[in-house]
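Any read-out appearing in this document is the output of simple, stated calculations on the displayed coordinates, not a laboratory observation. Since we're looking at a predicted model, the values are computed, not measured. Ideal geometry is used to build each Cβ from the backbone, glycine not excepted, and the neighbour counts take in all protein chains shown.
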């Protein structure tokens, strides 16, 4: 199965730091995958490249044991050297065309924060030079993105409707998976699904959980029940 194929059915995406304080990175990502997480992205701006590569080698080994995806954030050089199957960029990072030139193989995702950015992401459909998924958010203010204004649930609804229109217009030829992100946890995931999202990205809902496996399972159950 290719990363793009796996993304088509992915619902739960986790971003985590290096867990220096806890010192349990390998055990943590193993527990998260065991709970049903589909993708884990290492996102830690404090890491030097060599340290990030060491942790990504650990993440890769655990992900492959579980048959799941793993992702690199921002750094195309690190993504290339590590052999990451998924690479994620923000609006102010490498332009998509440049990222695709440097990384022809991995699935590439993009963060979006406005209707205009959502439209542009949908227009950059899968295929040569295109996107493989996008994220919408942050829905609520979150310490993982300080200074980033929350976009609220209206943008989720907009993304859902715009994606549906694109699929109808192209007879289903355009199907770009997208994830809601930003402050999502068990207390509000039902609202996120009601607004139109079927996939979510979480951070603290799992990284701060006493039992990451149970936390992941609970989020998936909430997605199913909503």
Completion exercise
Restricting to Cα pairs under 8 Å and 6 or more apart, the percent relative contact order of the chain works out to 21
Problem - Ranked list, fewest to most other Cβ atoms within 10 Å of each Cβ, for 45, 164, 217 - result: 45, 164, 217
Practice task
Using Cα centres only, tell me the gap between the stretch 4-26 and the stretch 135-208 in whole Å.
Solution key: 17
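Which value in Å does the Kirkwood hydrodynamic radius of the stretch 45-149 take, with 1/r averaged over all unlike C-alpha pairs and then inverted?
This gives a value of 14.7 Å.
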Problem - For the chain, calculated [θ]222 nm from helices alone, where every DSSP H run of n ≥ 4 adds -39500 (n - 2.57) - result: -13000 deg cm²/dmol
Handout entry: Rg and Dmax [Cα atoms of the stretch 3-225; Å; Rg one decimal, Dmax integer]
Key = 16.3, 49
Practice task
Quick one: order 12, 94 by neighbouring beta-carbon count within 10 Å, fewest to most.
Solution key: 94, 12
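What is the fewest-to-most order of 88, 113, 175 by other Cβ atoms lying within 10 Å of their Cβ?
Listing 88, 113, 175 from fewest to most nearby Cβ atoms yields 175, 113, 88.
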Exercise for the section: Run the numbers on the stretch 1-95 and let me know its relative contact order in percent, using alpha-carbon pairs under 8 Å that are six or more apart. Expected result: 26
